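Down below is the structure, laid out as structure tokens.
The values are calculated or read from the model by the stated rules, or taken from the named source; none is laboratory data. Since we're looking at a predicted model, the values are computed, not measured. Every residue, glycine among them, receives a Cβ derived from its backbone with ideal geometry; neighbour counts consider all protein chains shown.
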Amino acid sequence: MSFPERHPRAGQSGPVNAFLTRHPDGPILVDTGIGPTHPGIDAMYQPTRYALLEALASVGVAIADIWLVINTHLHFDHCGGNNIFPGTVIFVQGAEFEAAQADRYTIREHFDFPDAQYRLLRGQAELAPGVSVLPTPGHTHGHQSVVVDSEDGPVIIAGQAAETAQQFQRLEAESEVGVATLRLLHDLMPARVYFSHDHAVWERSGQE
């Protein structure tokens, strides 16, 4: 999508990533993309859409296979496909869910739909063996990141705790709270860190 005026990356374009973790208990999806056509979103962000169903199918996963969904936060480009998961447990921080009730925070029909099964978290939590979330405020008050154990060490899905791998490396964030969040993530000594709006992956080797 193209980043609009008043965005820190105005005039640039970037990806909108969702992340699939193949857990022994079932596939876990982190964020669900932009969602269907919306006049206001399309005019402002000019997105190129890729169907979530087709993206999952390309790696051998069906919508019905998804065991859990985790939202880093509830802006439109992170919860746009939530409504194709009725009955599936969706984890989000309670502070984020409450913020999303405000007008113009997000697209309501993306996250408020029949048989939505939200589990509201209040801080750090282990959601499955080897998969946990921790609050990473900054971009939004209720933002959370996902930590997945691997043989190489922790792998972090940072969401929008940092816009880019470069900003993560430089501890550049939108606020002092955001900088503290990035320090917290660095302190976990991750092997790799993935970002919602950057194709680049931060890797520990050669970085620190």
Ile157: passes all of (1) closer than 13 Å to Ile70 by Cβ; (2) surrounded by fewer than 23 Cβ atoms within 10 Å (Cβ to Cβ) but (2)
Within the stretch 173-208, restricting to residues that are at pLDDT 95 or above and of a type in the set (D, E, K, R), the one that is surrounded by the most Cβ atoms within 10 Å (Cβ to Cβ) is Asp198
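Determine whether the stretch 37-50 contains at least one residue that is touching a His at 6+ places or on another chain (Cβ under 6 Å), over 24 Å from Pro135 (Cα atoms), small (Gly, Ala, Ser) and not in a strand (DSSP E or B).
No: the stretch 37-50 contains no residue that is touching a His at 6+ places or on another chain (Cβ under 6 Å), over 24 Å from Pro135 (Cα atoms), small (Gly, Ala, Ser) and not in a strand (DSSP E or B).
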Counted residues in the stretch 131-155 being closer than 21 Å to Glu203 by Cβ and out of contact with any helix residue (DSSP H, G or I) (no Cβ under 6 Å at 6 or more places or on another chain) come to 14
Picking from Glu109, Glu98, Glu54, the residue that is more than 26 Å from His141 (Cα to Cα), outside any strand (DSSP E or B) and acidic (Asp, Glu) would be Glu54
Note on the stretch 75-131: residues farther than 23 Å from Leu52 by Cβ, loosely packed, with under 13 Cβ neighbours inside 10 Å and small (Gly, Ala, Ser) are Ala102, Gly123
Here the qualifying pairs (Cβ atoms under 6 Å; residues six or more apart or on different chains; first in the stretch 3-17 and outside any loop (DSSP other than H, G, I, E, B); second small (Gly, Ala, Ser)) come out as Ser13/Ser2
Taking the stretch 24-47 and keeping only residues that are in contact (Cβ under 8 Å) with a residue 24 or more places away in the chain and either closer than 18 Å to Ala158 by Cα or small (Gly, Ala, Ser) (or both), one is left with Gly26, Ile28, Leu29, Val30, Asp31, Thr32, Gly33, Ile34, Gly35
Those residues of the stretch 24-38 which are loosely packed, with under 13 Cβ neighbours inside 10 Å and either at pLDDT 95 or above or of a type in the set (D, E, K, R) (or both) amount to Pro24, Asp25
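Kindly provide the set of residues from the stretch 51-74 that are surrounded by fewer than 14 Cβ atoms within 10 Å (Cβ to Cβ) and either in contact with a strand residue (DSSP E or B) (Cβ under 7 Å, 6 or more places away or on another chain) or without any contact (Cβ under 8 Å) to a residue 12 or more places away in the chain (or both), ordered by number.
Ala51, Glu54, Ala57, Ser58, Val59, Gly60, Ala62, Ala64, Asp65
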Worksheet item: Any residue at all in the stretch 156-178 that is under 23 Å from Pro129 (Cβ atoms) and free of Cβ contacts under 8 Å to residues at least 12 places away in the same chain?
Response: no
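Out of Ala18, Ala10, Ala55, Ala62, I need the residue that is within 22 Å of Tyr194 (Cα to Cα), small (Gly, Ala, Ser) and over 19 Å from the mean Cα position of the chain (by Cα). Which one?
Criteria check complete, one pass: Ala10.
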